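Below you'll find the structure, written out as C-alpha cells, and then a few comments.
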Amino acid sequence: MTQATRCVRHRVITASGKVAGSNDPNIHQFHSFQFDDVCAALFEFRRNVQDLRDDRPLKILLTVSPVPLTATNSGGHVLAATKYSKSVLRATARQIMQEYKEIDDFPPCKLMTNQVAARRVEHNSYGRVRSKGVRSAKEPSGPLNDFCEKYT
C-alpha cells in the first residue's frame, strides 16, 4: 500500500476510502508513502516474522496486485497514481529480494498489465481484471503454475 488515510486522533492508518463514516480533514489526513517508507516497512516486516520464527528458515513470496487503483486522494489523476504506486511497490520488492535470498516474487502485475496483455485481461472500467486474465495466469501452462513448480 502506498496511499493511506491517517487518523491523527487515534494514530491509525487505513487504506484510503476503506473506512465508513465522515472524513474530517482535521482528523483524517491523506498520506502517500514514498519508496524509503515502503522499503523500511517491508524490511521491518521481514525482521519481525524472522523473530517470530526463532530464526527457523523462512520463505516470503511478494506480489504486486495487477488491479489498478480506483481512486486517489493525491490530487493527481488515478492512472498516474496507479503507475506511481505499482512502480514503488515493484522497486521495493526488487530491493528486498536483492538483500535476502529467501524472498522471491511472482509478478502478476507485469504479466497481466503489460501493453500486450492489457487488452485481454483488463475490464472496460480499468478498475478490475477480467476473470479471463486471472484464468490465464492460473492455467496449467501458465506463469503461476511454472512458478509453483519451481518451489515444490
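The values are calculated or read from the model by the stated rules, or taken from the named source; none is laboratory data. As the structure is a prediction and not an experimental result, all values here were calculated from the model. Methodologically, a virtual Cβ is constructed for each residue, glycine included, from the backbone with ideal geometry; neighbour enumeration extends over all protein chains shown.
Please find, among Asp55, Asp51, the residue that is farther than 25 Å from Thr5 by Cα, exposed (fewer than 11 other Cβ atoms within 10 Å of the Cβ) and at pLDDT 90 or above. None of the others qualify; the one that does is Asp51. Would you be able to say whether some residue in region 49-71 is out of contact with any Pro (no Cβ under 8 Å at 6 or more places or on another chain), among the hydroxyl-bearing types (Ser, Thr, Tyr) and touching a residue at least 60 places away in the same chain (Cβ under 8 Å)? No - not one qualifying residue is present in region 49-71.
Taking region 71-109 on its own, how many of its residues are among the β-branched types (Val, Ile, Thr) and more than 16 Å from Ser32 (Cβ to Cβ)?
Total meeting the criteria: 2.
For Asn73, the requirement of being surrounded by fewer than 17 Cβ atoms within 10 Å (Cβ to Cβ) and of a type outside the set (Asp, Glu) is not met.
Considering region 48-66, and only residues there that are in contact with a helix residue (DSSP H, G or I) (Cβ under 9 Å, 6 or more places away or on another chain) and part of a loop (DSSP other than H, G, I, E, B), the residue that is farthest from Pro25 (Cα to Cα) turns out to be Arg56.
Within region 30-47, if we keep just the residues that are at pLDDT below 90 and not in a loop (DSSP other than H, G, I, E, B), the residue that is surrounded by the most Cβ atoms within 10 Å (Cβ to Cβ) turns out to be Ser32. Across region 7-29, a minimum of one residue is classified as within 24 Å of Val88 (Cα to Cα), modelled with pLDDT of 80 or more and not in a loop (DSSP other than H, G, I, E, B).
In this structure, Val64 qualifies as at pLDDT 75 or above and buried (at least 16 other Cβ atoms within 10 Å of the Cβ).
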